[in-house]
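The next block holds one structure in the form of structure tokens; read it before the comments.
Nothing in this text is a laboratory measurement; each read-out follows from the coordinates by a stated rule. From a predicted model like this one, the values you see are computed outputs, not experimental measurements.
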Amino acid sequence: MKLRNGDQRPDCVPVLLFLALVLCRVFGARALNNGLARTPTMGWLHWERFVCNLNCREEPDSCISEQLFMQMAELMVSDGWKNAGYEYLCIDDCWMAPQRDSQDRLQADPQRFPGGIRRLANFVHSKGLKLGIYADVGNKTCAGFPGSFGYYDLDAQTFADWGVDLLKFDGCHCDSIEHLENGYKYMSLALNRTGRSIVYSCEWPLYLLPFHKPNYTNIRQYCNHWRNFYDISDSWQSIQHILDWTSLHQEEIVDVAGPGGWNDPDMLVIGNFGLSWDQQVTQMALWAVMAAPLLMSNDLRQISPEAKALLQNKDVIAINQDPLGKQGYRLRKEKDIEVWERPLSNLAWAVALRNLQEIGGPRSYSIAVVSLGHGVACNPGCFITQLLPVKRELGFYEWTSDLTTQVNPTGTALFQLDASKMVLKN
Ligand code: GLA
């Protein structure tokens, strides 16, 4: 969060200083940087896979309950997810009781979360993980549970008291754009005021979509990540819509992203039902190139070894988490092939070639390496490693050469280009 200290001019006349302080307080420019999400947040979020299943009597294993989160926490540690970097275990909508308690505090549903959120947070922390929770800026959550409007300070303090580490703040049931925007800002400051480090995940720009263009520079000053587009679902069509929206709006969104604030194209649905293998590869590769938060929504109790290996792929995660923190973009689209690239630290670049066709077999595609990374990715040469769908060291390329590859329909080939290895060789 880029909440900067405002400039204070000691020579200002007191009344101006007072006015400035009031304005800063209202508009948030004086709030402190929370220092979080220096790289995109990684973790697990229940929504896409478990939605709002309240029926613990008939479906005890998939209803939204403390048992679900405790099981996921255990698996995140035992099955290598935590080691791979997935740290935040996040609750989405439908955790609450239908009413606030006698002191107006939000409370977890007592049947489904008998130990309450504080105990769940303790458990999650004992595993070395962090806990995320969900609330809504308006009068109700999207699923109709109590909203935070009118209770921002109380809810922020409640979450801090419970030991919550991330808040996903949704934007349903808000009665005006003004309330929505002020609410998102206010909650950011309220979280900061608690003194607890809480990642702030917003949906602010998504809810502005029908009305006006979001001011991303402003949003970045309040949120650690922000959803821009509609909810992901477990389908190829959904992934395509998100990628199309992102490339169409890249001029507005790419440069805003960086350490502390990220565009959020929504959860990873790898390991579920709707995507073919190649489509899962595409999601993983492009979410890495887009510097997206990696929040899986799947069932870690039942996940194929292939999906697990893809989600835990160290090289691809390293691209996503690259400390330079620059988001990638679509470089070109021709003949149903898209070329995406992302600058990385140490003069490296990630390059993804997507085959958009949904007909035929693997397609061959060649690209002059000189056209990649503003002409410098491979100048005077570079070492190229293919990372997805399988890892292969392709070797040294001169700047005059072509990178040629085959890409399956709806699939993606992901590469890393290292100019620094070339320098080392010389
Ligand atoms: C909205 C959000 C989703 C999810 C649901 C919960 O649709 O965009 O990500 O949180 O609400 O109701």
### Query
Can you list the lysines whose alpha carbon sits under 26 Å from that of Lys213, skipping same-chain ones fewer than 8 residues off?
Lys2, Lys140, Lys168, Lys185, Lys326, Lys333
### Query
What angle, in degrees between 0 and 90 and rounded to the nearest 10, separates the Cα long axis of helix 66-78 from the longest principal axis of the Cα atoms of the chain?
40
### Message
Largest first, please: the extent of the C-alpha atoms of region 110-229 along each principal axis, to the nearest Å.
### Response
43, 28, 25
### Query
Taking every pair of alpha-carbon atoms in region 12-320, what share in percent sits in each 10 Å bin, from 0 to the bin with the longest distance?
6, 28, 36, 23, 6, 1, 0
### Query
Using Cα atoms only, what is the angle between the long axis of helix 236-248 and the major principal axis of the chain, expressed in degrees (0 to 90) to the nearest 10?
90
### Query
Does anyone have the angle between helix 116-126 and the longest principal axis of the chain? Alpha-carbon axes, 0 to 90°, nearest 10?
40
### Summary
Sorted by chain and then number, the residues having a modelled amide H within less than 5 Å of the amide H of Asp136, at least 5 places away or on another chain, are Ser148, Asp170
### Task
Identify which of Leu208, Leu191, Leu180 has the largest mean-square fluctuation in a Gaussian network model of the chain, with springs joining Cα atoms closer than 10 Å.
Leu208
